[in-house]
Every structure is written in structure tokens, then in C-alpha cells.
Amino acid sequence: MSYREIDAVVIGAGQAGLSTAYHLRRDGVGFVLLDHADGPGGAWRYRWDSLVLGRTHRIHDLPGMPLPPADPDTPASRVVAGYFGAYERRFELPVRRPVDVRSVRRGNDRLLVDTSAGGWAARAVVNATGTWERPYWPAYPGRASFTGRQLHTADYRSADEFAGRHVVVVGGGASATQLLAEISLVTSTTWVTRRPPVFRDEPFGEDLGRAAVAEVDRRVRAGLPPGSVVSATGLVPDERVRAAMRRGALHRLPMFDRITPTGIAWDEPVEGRRELATDVILWCTGFRPVLSHLAPLRLREPGGGIRVENTRAVAEPRLFLVGYGPSASTIGANRAGRVAARGVRALLPAPATAAA
């Protein structure tokens, strides 16, 4: 394969990738932005329609262009996809899609990026692939024997498709409580989690956010997997979730021990029973970072994570990870994009080459 030489390759055109691209463009860095999807919007383009703009956690503005006012009842997927697309056009970002990045490996003095659209030899690579395309399905005995339907948060579209069917929702995060609040309006549900959920009465403020980010940052610097933000912050219910709590839909049961062909089962009785028949198991069990294409770089630490400091991979200083660990939020992604772009610029000889 022949490789086109370039200053930087950015992988992923979600919030983190677009933020990075903005700063690289402003600094005159030659780069290409590779995106797996067939259109703009990042992970937002795949969210269910009932997740309207007014029900999302705040979507922070991308640098240089605020999110235009929009009807809060419009699906967030539509609003954000339109916003990201307009952003790409306004700043003439060199986006190529759909492109599958197959591997990133070391060359002599550059990183070699192999893709479905050919290869690039880059002085630096910024990985902004997020997590949406790697849903986490925990292993449980008997899961393959279940004769009903199993799906993940990533597959969810509408509560209406479950009408008349009993649904077991697995997971203790915000997506589990939000989907329970919806599904429990149209059918019977059961909620199971590994640990008792911790609900917070006070709003999610800056102090709590900083504490959560600091904990995730500590883990990433130590080479551990980033972990769940909810484990550090607890759950902050919105009014729909509070309404579900009042009608008893968020009555939590402990995690089951196995799955049967017709439902779930516990080794010890739970509320007087060992088994529960169900039609659907909805796994709201989160996502893992999409990093398999980085495997040739051998970045994994003994703790299972990639050690990152100020967005730079410690084991490969030409690689930057944004939207990973402490920057896996809209506001964090913006800051990480700026930091990563500054790091990329520091690696380049002056003057930088022209943009792709």
C-alpha cells in the first residue's frame, strides 16, 4: 500500500474530533478527518427519537460556532446531526466518509494509518472514535439459551415496540432509568442492577462534575480503564424519571445469577421467588472505547487501560486520545480537542504543510 504523507490524521467526527479539527485548521496544520459514519452527527445520529433535545444533558457548543436555537421537542439526533454538518461546512473541514480505519501502526518516523480509502503516513494521529459502536454485553450463564428478545441501549428505538411484553432492564446508569421511565408507561418492567443505585437530590453542578472528571483522570493516568462516570456522581433524575419512581417503576432488584430460556433466575430467593419470566432483556450496560484499530501499537497497560496524560498516549507520544477517559463528555471533548491540537502542532516542523 502506498501512503500519502500528511501532518495529522483525526479519526472520528463527533464532538471531540470536530473540536480538534477546528483548532488544527486554525493553526494551519495539514490534516484529514476520517469518519466511519455515512453522515455527520457522531454517535448522536443513532439516538432514539424520544430522546428530544429538551431531555438531554447539556450539549455544549463546538468552538467558534454556537448551537443554534431549536425546538426542545425535536429529536436530539436530528438537531445535533444538522449542527455538526453545518459546522463541517462552515469551517471547511476536510472530512472523508464513510471510511473504516483498520489499523494504526508505527512506521520509521510516522504513524501509518491503514483504511478502506487507502493509507496515510502521519506525523501525529488524534483518535476520537468514542464508544457508541462498541456496546458492552456482559457474559451471564444461559444468555445464549434465552428464547425471547435481547437488545442493547444502542439498538433501542421506541417503547411502543414492547407493548404487551414484559421487559427486564439491566443496568444502573442514566440510560437505564430514562428508558425504564419510557417503557414502563406502555408495559410491565423489572429493573435489575449489580449495585443499589444512588440517586442525588441536588443538581449536577460544577463541583460534582470536577470530582467525577478527576477520578476518571486518575484512573487513565494509572493505565486503568476509565470506569463509569455514574459510579463517581450517582444518578440525577429528571422529572420523567421522578414520575417513574413515584409510580414504582424504579423498584430495583439485585442482579440475576443466570438466564433461562424463558427469563432470569437467582440462586437465592429475591422477594420470595427464584425465577422471573420475561419476554425481553434490555441491556443498558454501557459502552467501551473503540480502540481495536490501535492494537498494533501495543498501548495496553497491565491494568487493562491506555495510559494517557493531557490527551497524549504515554507509550506513543505521536498519538492523542480525545473523547477518552476524562474527556468523554461534550465539554471535556472541547477542551481535549484544544489540548490535542496544541500537542500535534508541537510535533511539527515549521511551517506546517497545507491542509488536505
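What follows draws every value from the coordinates through simple rules; no lab data is involved. Not measured: the values here are computed from a predicted model. Don't worry about glycine lacking a Cβ; one is built from the backbone with ideal geometry, like all the others, and counts go over all protein chains shown.
Annotations
- DSSP loop trypsin sites (Lys or Arg not before Pro) with at most 13 other Cβ within 10 Å: longest gap in the chain: 59-156
- Overall, the chain carries a charge dipole of about 780 debye about its Cα centre when +1 sits on the Cβ of Lys and Arg and -1 on the Cβ of Asp and Glu, all other atoms neutral.
- Neighbours of Leu291 by Cβ distance under 14 Å: Lys/Arg scored +1, Asp/Glu scored -1, total +4.
- Along its first, second and third principal axes, ordered by size, the chain spans 72, 45, 38 Å in Cα coordinates.
- Other residues lying with their Cβ under 14 Å from the Cβ of Val113 contribute a combined charge of +2, Lys and Arg counting +1, Asp and Glu -1.
- A simple spin-label model places pseudo-atoms 7 Å from Cα toward Cβ; at Arg273 and Asn310 they are separated by 5.7 nm.
- Span-like helix ranges in the chain, DSSP H, alpha carbon extent 15 angstrom or more, Kyte mean at least 0.0: 330-347
- If you take all other residues with their beta carbon under 12 Å from the beta carbon of Asp27, and give Lys and Arg +1 and Asp and Glu -1, the sum is +4.
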